[in-house]
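Bear in mind that the values in this text are calculations on the coordinates, not laboratory data. None of these values were measured; they are calculated from a predicted model. Cβ atoms come from the backbone with ideal geometry, glycine included; neighbour counts cover every protein chain shown.
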Amino acid sequence: MIFRHIFLVTYLAANFKVLTTAKIITNKGISSKDISPSIGRGYSVTTGNIASACLDVDVNTDITEPSFDYDYKWFEVNSQENVATQTQKHSFSSKSFGWFTYAISSETTYSTSRRQTEKQHILADMIMDKYYISADETKTSLLSDALTLIDQGLYIQFFQACGPNYIRSIRRESEMVSMFSYEKKSGSDSSVSIKISRSFFGSSSEVSGSSSSFKDTNIKITFAAFGISLKDASPFVAKDVESYKTLVDNAFRSMLLPDIGNVVSIEIVPWMANVVFQNAAVIDTTIQTEDPDTPTLAPFLRRFNLLVNSEHVARLDEITRNRLTMFNLQLSCLGRLSAMPLDSGSLFLVDKQERCPNLGDCAAPIMTVSELKGTLLGYDANATAGQKYLVQRSTQDMQGYVENYFGPCLQAMAEQAYGIAGGAMQAQHWSAMPACSEISCVFPNVVWDQASRTCIVAAATANRDATIDKYCMPEILDPQP
C-alpha cells in the first residue's frame with residue numbers, strides 16, 4: 001500500500017506541470033468561422049468545444065500590448081508563366097496562393113483567344129500576424145455568477161458553463177491580396193507595369209506624373225481581404241489606382257486592431273492554474289483524510305483531480321448533448337418529410353455530404369423521400385409495445401444512459417468530501433469512483449445494457465446519426481435523375 005501511494009504521488013507530480021500549464025491549440029477546428037473564440041471564454045481539450053465567458057476581461061484595458069509581424073509582396077506574372085511555380089516561389093499563404101491561382105487562371109482563360117496580346121498581372125499580398133494578445137491577469141477577475149458557483153461548491157455547474165480551461169491569449173492573422181491585370185502587345189515593353197509601380201513606390205513627382213497616364217490603359221483591379229474590420233472604414237471598393245491606394249491604407253489600419261483577424265491559434269490555461277480560481281475554491285491547503293492509503297490530499301493532488309474530472313464532465317456533457325441534438329433533428333426531419341406532398345415519395349433527396357464540382361461527377365442518388373421517412377420511423381413489428389418505432393427506442397436508450405451512468409457519475413462527483421462542498425471532485429479521479437468507473441460508457445454511440453450493467457455500442461444509433469447528417473433537413477434533388 002505504501003509503495004502504491006509513493007508511486008501515485010510521484011506519477012502525479014511528474015505529470016502535474018503538463019496538466020496544469022498553458023497549452024497551445026492550433027487545430028483546424030479553432031480556426032473555423034463557425035465559432036467565435038475570445039479571451040476569457042472556456043475551452044475543453046477533450047471535446048474541442050468553446051464554453052461561456054467566465055473571465056471578466058475588458059479588451060480596452062485588460063489586454064497586454066500585442067506584437068505584429070508585417071509582410072508585403074509585390075511582383076509580376078504573365079499569362080505564359082507557370083502560375084503555381086511563381087506563387088509558390090514567393091511563399092504565399094494557403095489562402096492567398098489559392099486566390100491568386102484561381103484569379104490568374106480565370107484571366108488567362110479569358111484572354112487565350114487574343115493571340116496578339118499577352119495578359120500581364122501584378123500581384124500584391126499584405127499580411128499581418130498579430131500575437132502576444134493576452135489577458136493581463138493582474139487586471140482580470142472571475143465574473144460574479146461564476147464566483148457564486150465556486151463559493152457554493154457547485155464545481156460541476158461551473159465547469160459545464162465555463163469549461164475546464166479558459167482562453168488566455170489568441171493569435172490572429174489578417175491579409176489582403178490584390179491583382180492588377182492588363183493586356184500588352186506581344187513583345188512590347190512593360191511601361192504599364194512601371195507606371196503602376198511608380199504610383200506606389202516612386203517619388204512624389206513620379207507619382208503625380210504617372211497618375212494621369214492610366215486614362216488610356218484598361219487596368220482591371222481584383223482584390224480580396226481575410227480577417228479585417230469594415231466597421232469604421234470607407235467603402236471597400238477600388239475604381240482606379242488612386243482609390244486602390246486609399247483602400248490599402250484603410251485595410252492596413254484595420255489590420256492593426258488586435259481583436260480583428262482570423263484565429264490562428266489560442267493559448268488555454270486550466271482554471272486550476274488561475275490564482276483567482278484557487279483562492280475562491282480554497283484549494284491551496286492540505287486536507288486530512290481518513291484513508292490509510294492516502295492520509296492527506298496535497299493541494300497539487302486536489303488541483304489534479306479537479307482538472308481530470310472537469311474534462312470528464314465536459315466529455316459526458318458532449319455525449320448527452322449530441323444525443324439530444326440528434327433526437328430533436330430526427331423529430332424535426334420526420335415533421336418536414338410528413339409535410340411534403342403525398343406524390344413526392346419517389347423523389348430523390350440531396351446528399352448534403354456529397355461534394356462534386358459538376359452534377360455529372362456526383363454519385364447516383366440513393367435516398368428517396370419515402371425511404372428516408374421509413375428509415376427514421378424505424379418501425380419494427382416484432383418489437384414489444386412502446387419500442388416499435390425508432391423514436392421510442394432512442395428515447396429509452398437516452399433515458400437508460402442518463403439514469404444509469406451520466407446522472408450517478410455526476411452525482412458522485414458533486415458529493416461533499418472531507419467537509420468540503422463538492423469535494424469529491426478534488427478527492428478522487430473519476431475512474432476511481434464506482435459510479436463513474438465503467439469505461440465503456442465514455443464513448444459516443446453507446447447505450448446502457450441493463451443485463452450486463454455496462455455500455456454497449458448501439459449500431460442503430462450510429463446509423464441513424466449518419467443518415468440524419470446526410471439527408472436532414474430534407475431537400476429535393478433538382479434536377480431529378
From phi via Karplus (6.51, -1.76, 1.60), per-residue ³J(HN,Hα) for the range 460-475 in Hz, x at Gly/Pro: 4, 5, 5, 5, 4, 5, 5, 5, 5, 4, 7, 10, 10, 6, x, 9
Largest-first principal axis extents, alpha carbons of the range 275-375, Å: 73, 31, 29
FRET efficiency for Ser31 and Thr64, Cβ-Cβ distance as r, R0 = 35 Å, nearest 0.05? 0.95
Viscosity 1.002 mPa s, temperature 20 °C: give me the Stokes-Einstein translational D for the range 213-341 in µm²/s, with Rh taken as the Kirkwood radius over C-alpha pairs. 98
Show the residues, 5+ positions off or on another chain, whose built amide H is closer than 5 Å to the amide H of Cys472. none
Lys and Arg at +1, Asp and Glu at -1: add these up for the other residues within a Cβ distance under 11 Å of Val269 and post the number. 0
Could you sort out which of Lys95/Lys220; Lys28/Lys220; Lys231/Lys352 sit more than 27 Å apart by Cα distance in this structure? Lys28/Lys220; Lys231/Lys352
Pull up all non-local amide H partners of Asp136: gap of 5 or more, or a different chain, and H-to-H distance under 5 Å with H placed in the peptide plane. Ile63, Thr64
For the range 391-396, in residue order, the Karplus 3J(HN,Hα) values (coefficients 6.51, -1.76, 1.60; θ = phi - 60°; whole Hz; Gly and Pro = x) are 4, 5, 5, 5, 4, 5
Spin-label model distance (nm) - Phe226 vs Asn322, 7 Å beyond Cα toward Cβ: 2.9
So between Leu377 and Ser344, what do we pick up on full extension, going 0.36 nm a residue minus the alpha carbon distance? 10.2 nm
Kirkwood hydrodynamic radius of the range 351-481, Cα pairs, Å: 18.1
If you scale each eigenvalue of the Cα gyration tensor by 5 and take the root, what three semi-axes come out for the range 294-346, rounded to whole angstrom and sorted largest first? 50, 6, 6
Within the under-14-Å Cβ sphere about Leu477, not counting Leu477, Lys/Arg +1 and Asp/Glu -1 give a net charge of -3
Cut-off under 5 Å, modelled amide H: who pairs with Ser141 long-range: Asp56
Around Ile50, with a cut-off of 15 angstrom between Cβ atoms, what is the net charge of the other residues, counting Lys and Arg +1 and Asp and Glu -1? +1
Karplus (6.51, -1.76, 1.60) ³J(HN,Hα), θ = phi - 60°, over the range 299-311, in Hz, Gly and Pro reported as x: x, 5, 5, 4, 5, 4, 5, 4, 5, 5, 6, 5, 5
